[in-house]
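The values are calculated or read from the model by the stated rules, or taken from the named source; none is laboratory data. As the structure is a computational prediction, the values presented were derived from the model and not from experiment. Positions of Cβ are generated from backbone atoms using ideal geometry, with glycine treated the same way; all protein chains shown enter the neighbour counts. Only protein heavy atoms, including side chains, enter the accessible area calculation; ligands, DNA and RNA are left aside. Shrake-Rupley method; radii C 1.70, N 1.55, O 1.52, S 1.80 Å.
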Amino acid sequence: MATKDKDSPLDRYEVKEILCMICGALQPAGKHCVNPECASEGKPFARYSCGICNFYDNSPDKAIYHCPFCNVCRSGRGLGIDYRHCMRCNACVSLTDEHHCIPQRLQANCPICHETMFQSTEPLRGLQCGHVMHLNCFTMYMRGGNYTCPLCKKSAEDMTEYFALLDSAIRMQPMPPAYTATTSNIYCQDCGKMGNVSYHFVGLKCQHCGSFNTRELQRVDPNIMASLWQGY
């Protein structure tokens, strides 16, 4: 099948003919060579082949299955074995992972490289919030010191150990007397609740869920407030 130019992606669903790499015979797409004189002697073209996607893979240790809902071939042993298809997300998700539904989450592009994810052959990485990005993009993103989802700003992973380190740092570094009464109004990006907590330069801990993934909305210094009241 001819494409518009050499960089055009192959539409596998439109493939009608294939070329046997052993005998060079052009033939209808199928699982094995139809040329009776071919040296392949009727053996399959590859260990795995899909008549819908016209996809062939001969990797000896790679499990692949075709999802009828995604209508693409994906890595894995199959639906009901190690994956299931979430109709709300319109995506295959692992049976062993905790799943957070986000409608049509794979229809969007990767938030880091902005490349498509639905038919991507690159491994994907699901975040704790449910959003998805390419595994390589996730690795580079986390190496840059980021720990929140670039889309919703929730913690990308389980941050329990890191937050425990921040707790220890706060206990070891008490604030100077001038700041002991200072508080901050915060918004927690993990649980979505607001609160008022003691100010500390290391971090502001949410009193509802214990997360340090918070935004300071306002800092309240009672000494300044008292002086303002005295001026009236």
### Summary
Note on residue 97: of the conditions (1) at positive phi; (2) within 21 Å of the chain's Cα centre (by Cα); (3) surrounded by fewer than 12 Cβ atoms within 10 Å (Cβ to Cβ), unmet is (1)
### Message
Any residue in region 54-80 that is open to solvent by 40 Å² or more (accessible area, probe 1.4 Å) sitting within a Cβ distance under 9 Å of a residue that is among the hydroxyl-bearing types (Ser, Thr, Tyr) and assigned to a loop (DSSP other than H, G, I, E, B)? List the pairs, counting only those 6 or more apart or interchain.
### Response
75/121
### Meets criteria (of a type outside the set (A, V, I, L, M), under 30 Å from residue 12 (Cα atoms) and either out of contact with any helix residue (DSSP H, G or I) (no Cβ under 9 Å at 6 or more places or on another chain) or surrounded by 13 or more Cβ atoms within 10 Å (Cβ to Cβ) (or both)) for residue 131
yes
### Message
Please determine whether any residue of region 16-31 is under 30 Å from residue 109 (Cα atoms) and modelled with pLDDT of 90 or more.
### Response
yes
### Query
In region 206-221, which residues are farther than 15 Å from residue 175 by Cα, out of contact with any strand residue (DSSP E or B) (no Cβ under 6 Å at 6 or more places or on another chain) and either open to solvent by less than 80 Å² (accessible area, probe 1.4 Å) or touching a residue at least 40 places away in the same chain (Cβ under 8 Å) (or both)?
209, 210, 212
### Message
Within region 143-224, considering only strands (runs of 3 or more DSSP E) that don't extend past its boundaries, which have at least 1 residues that are under 30 Å from residue 97 (Cβ atoms) and in contact with a Lys or Arg (Cβ under 9 Å, 6 or more places away or on another chain)?
### Response
183-188, 214-220
### Query
Does region 142-160 contain any residue that is open to solvent by less than 40 Å² (accessible area, probe 1.4 Å), in contact (Cβ under 8 Å) with a residue 40 or more places away in the chain, touching a Pro at 6+ places or on another chain (Cβ under 9 Å) and on the phi < 0 side of the Ramachandran plot?
no
#### Entry: Residues satisfying the stated conditions in region 113-128, i.e. more than 24 Å from residue 53 (Cβ to Cβ) and surrounded by fewer than 17 Cβ atoms within 10 Å (Cβ to Cβ)
114, 128
### Query
Would a scan of region 69-83 turn up a residue that is in a loop (DSSP other than H, G, I, E, B), modelled with pLDDT of 85 or more, of a type in the set (S, T, N, Q) and under 21 Å from residue 12 (Cβ atoms)?
yes
